[in-house]
1. Among Leu285, Leu277, Leu229, which is within 18 Å of Leu165 (Cβ to Cβ), modelled with pLDDT under 95 and not basic (Lys, Arg)?
2. Hey, can you tell me all the residues within the range 486-505 that are open to solvent by 20 Å² or more (accessible area, probe 1.4 Å) and either among the aromatic types (Phe, Trp, Tyr) or modelled with pLDDT of 95 or more (or both)?
3. Can you name the residue in the range 196-211 that is open to solvent by 10 Å² or more (accessible area, probe 1.4 Å), more than 15 Å from Ile260 (Cβ to Cβ) and not hydrophobic (A, V, I, L, M, F, W, C) and, of all such residues, is farthest from the chain's Cα centre (by Cα)?
4. Would you point out which residue out of Phe565, Phe554 is over 22 Å from Gly399 (Cβ atoms) and touching a residue at least 24 places away in the same chain (Cβ under 8 Å)?
5. Provide a single number: the residues in the range 1-25 that are loosely packed, with under 15 Cβ neighbours inside 10 Å, touching a residue at least 40 places away in the same chain (Cβ under 8 Å) and more than 23 Å from the chain's Cα centre (by Cα).
6. All but one of (1) surrounded by fewer than 19 Cβ atoms within 10 Å (Cβ to Cβ); (2) small (Gly, Ala, Ser); (3) under 31 Å from the mean Cα position of the chain (by Cα) hold for Ala337; state the number of the condition that does not hold.
7. Only helices (runs of 4 or more DSSP H) wholly contained in the range 411-480 count here; list those with 1 or more residues that are near the ligand (Cβ under 10 Å from one of its atoms) and either without any contact (Cβ under 8 Å) to a residue 12 or more places away in the chain or closer than 23 Å to Ser199 by Cβ (or both).
8. In the range 163-180, how many residues are in contact with a helix residue (DSSP H, G or I) (Cβ under 6 Å, 6 or more places away or on another chain) and more than 10 Å from the ligand (Cβ to nearest atom)?
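The values are calculated or read from the model by the stated rules, or taken from the named source; none is laboratory data. The model shown is predicted, which means the values in this text are computed figures rather than measured ones. Please note: Cβ atoms are built from the backbone with ideal geometry, for glycine as well, and neighbour counts cover all protein chains shown. Ligands, DNA and RNA are excluded from the accessible area calculation, which covers all protein heavy atoms including side chains. Shrake-Rupley method; radii C 1.70, N 1.55, O 1.52, S 1.80 Å.
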Amino acid sequence: MPTYKAPVRDTLFVMNDVLGYERHSNLPGFGDAPPDVLEAILSEGARLTENVIQPTNRTGDIEGCVRQEDGSVTTPKGFREAFQEYRQGGWTGLAVPAEFGGQGLPYVVHTAVSEYMIAGNMSLMMYPGLTQGAIAAIVAHGSDEQKATWLPKMTNGSWTGTMNLTEPHCGTDLGLLRTKAVPAGDGTYRISGQKIFISAGEHDMADNIVHLVLARIEGAPEGTKGISLFVVPKFLLDASGNPGTRNGVACGSIEKKMGIHGNATCVMNYDGAVGTLLGEANGGLKAMFTMMNEARLGVGLQGLAIGEAAYQGAADYARERLQGRALSGPQEKDKPADPIIVHPDVRRILMTIRSVNEAGRALVLWTALQSDIAHRSADAKAREAADDLLGLMTPIVKGVLTDKGFEHAVMAQQVFGGHGYIEENGMSQLVRDARIAMIYEGANGIQALDLVGRKLPMHGGRAVQSFFKEVGEFCEENRADEKMAPFTKSLKKGLNDLQAATMWLMQNAMAKPDNAGAASTDYMHLFGLVALGYMWGRMVKTAHEKPGSEAEAFYENKLVTGRYFMERVMPETTTRLARISAGADTMMALPADAF
Ligand SMILES: Cc1cc2nc3c(=O)[nH]c(=O)nc-3n(C[C@H](O)[C@H](O)[C@H](O)COP(=O)(O)OP(=O)(O)OC[C@H]3O[C@@H](n4cnc5c(N)ncnc54)[C@H](O)[C@@H]3O)c2cc1C
């Protein structure tokens with residue numbers, strides 16, 4: 001099994017040096033986690049991951065979840081204990097507002113430490129991960145009574161949450177949804193229908209499960225306009241607020257699936273279950289989006305986390321596995337062969353993953369920081385700008401980092417040769433686990449459409465224009481700096497390609513929407529490359545500014561890795577632009593029956 005070491009030093013570099021974490025100390029919650037506390041939190045999260053969470057990963061994969069005859073679901077050995085330790089450490093409530101029992105710390109801190117835990121065991125971390133999204137939706141849309149009823153126990157992790165959107169005939173197209181809600185006359189509703197693929201829908205790690213369920217109130221309009229969101233607990237609460245009688249919701253079966261075996265993917269049957277409306281009637285999609293936006297960043301983080309775990313496994317293996325001799329002559333003459341890390345093609349794999357991961361970490365944290373500013377700043381202009389960036393970056397973080405996460409897991413598996421294909425070495429699990437992140441929370445094709453169709457034109461293109469301006473100014477300010485020139489030149493070229501692609505879309509997609517659809521995935525990746533390149537620009541600038549010290553090697557490694565990204569990854573913007581400008585005609589030319 002590959003071992004995992006949480007990259008605390010890298011996180012601190014991004015947070016403190018690149019993003020200027022301390023500059024935001026005036027925002028609520030930031031003062032409670034100054035840099036020394038941030039470091040302590042990350043170190044403790046690293047310890048928990050390495051000693052408690054990661055050791056359950058392989059067992060989870062092998063054992064999987066088991067549905068018992070009575071409909072209960074047993075999680076793999078060690079999950080309950082690891083989750084107990086996680087909740088007792090207060091991790092579930094880290095970023096939840098203090099008034100609901102949380103610690104109210106910055107979301108960016110929660111995001112930073114969650115990367116480690118997800119890398120340790122993605123399946124296990126999905127249970128509290130979904131709970132975070134459910135908490136966010138109740139905080140944003142719940143009545144005072146709903147908040148008081150559900151949030152404290154969800155915050156301390158004794159109850160978990162789920163999101164129930166998908167039905168057998170209704171995945172991406174939620175307008176097709178059939179689950180119905182009938183008013184009971186007492187302010188509650190009776191929910192009936194079937195949901196499928198519900199992550200963490202049933203399990204044995206919490207005393208209650210709070211399902212957030214999309215359903216259509218009887219008589220509501222067809223399509224997405226008639227969808228409402230409901231809180232439906234597994235157990236109804238007794239007079240003192242404790243889990244009492246069983247509600248009319250049960251797990252009918254669990255899916256046998258490619259990966260994330262430790263997370264129960266459930267068919268949930270609702271049969272007159274008691275639920276209360278969350279937010280406004282027919283406003284369910286809007287309310288669910290609060291949950292989904294947070295969840296999308298969390299899924300992007302899964303892509304990064306698995307990519308990092310895969311990288312570490314591959315790097316360790318490449319240093320140890322002896323095969324062949326270096327092209328430049330033997331490196332370790334006393335051994336029968338050199339370690340495979342001497343081979344340029346193995347280096348290509350390691351450097352590619354590493355250079356994207358390091359920028360990916362900066363991108364996720366930068367985006368999470370925008371969420372904090374958007375929700376906590378007293379300055380309306382700052383809130384607006386941060387919210388623009390958050391909206392723009394969410395589909396990019398989700399779509400690009402999860403595509404990369406899977407790609408990286410496969411590339412890292414390649415470093416192991418045949419041994420990567422053998423289960424006991426752990427790389428196969430990473431490949432299988434990473435795959436789902438590209439599919440759920442809106443498949444990546446849908447993220448790309450969200451970017452092109454919604455986020456680009458939003459507020460007359462305000463968000464995208466401000467991103468272009470920020471990156472353009474960065475290039476301009478550093479153009480004359482000799483040390484920065486190789487980086488800014490490549491970044492500027494990428495930005496030019498992105499701006500050309502954006503212009504092409506403006507000119508060609510209005511009259512012919514298929515052009516937007518045909519361009520969307522390439523556009524999302526082109527945007528992602530520029531965003532990652534911008535993160536490298538900022539990291540490299542910071543590394544240059546660090547005075548020579550005993551940590552010099554750390555900064556030198558940053559410069560080399562950043563250079564690799566600019567030389568070998570960034571040039572892909574040219575190909576992406578070429579594909580985008582090819583338009584949809586050829587793509588759409590064959591009749592459906594020719595496929
Ligand atoms: C392990 C697992 C866990 C999950 N957890 C949850 C959960 O907790 N809660 C929940 O509600 N759901 C969950 N899901 C469901 C998941 O979110 C859906 O599978 C996903 O949204 C896609 O829906 P679908 O599978 O019906 O695919 P479809 O909607 O049928 O889409 C099939 C393909 O067509 C593409 N497509 C569809 N429409 C368009 C369009 N308009 N334009 C371009 N392309 C399009 C999609 O991108 C996709 O590639 C989970 C799924 C799995 C497998």
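1. Details: Leu277 fails: modelled with pLDDT under 95; Leu229 fails: modelled with pLDDT under 95.
Leu285 is the lone residue from the list that is within 18 Å of Leu165 (Cβ to Cβ), modelled with pLDDT under 95 and not basic (Lys, Arg).
2. So the first thing to find is which residues in the range 486-505 are open to solvent by 20 Å² or more (accessible area, probe 1.4 Å), and the list is 486, 489-490, 492-493, 496, 499-500, 503-504.
Hits for the range 486-505 are Lys489, Ser490, Lys492, Lys493, Asn496, Gln499, Ala500, Met503, Trp504.
3. First, pick out the residues of the range 196-211 that are open to solvent by 10 Å² or more (accessible area, probe 1.4 Å): 196-197, 199, 204-207.
Narrowing further to those that are more than 15 Å from Ile260 (Cβ to Cβ): 196, 204-207.
After this cut, where a residue has to be not hydrophobic (A, V, I, L, M, F, W, C) as well, the list is 204, 207.
Values: Asp204: 25, Asp207: 27 Å.
The extreme case among them is Asp207.
4. On the way: Phe565 fails: over 22 Å from Gly399 (Cβ atoms).
Matching residue, one of Phe565, Phe554: Phe554.
5. 1
6. (3)
7. Working: elements: 427-437, 444-449, 462-477.
Where helices (runs of 4 or more DSSP H) fall fully within the range 411-480 and carry at least 1 residues being near the ligand (Cβ under 10 Å from one of its atoms) and either without any contact (Cβ under 8 Å) to a residue 12 or more places away in the chain or closer than 23 Å to Ser199 by Cβ (or both), they are 427-437, 444-449.
8. So the answer is 1.
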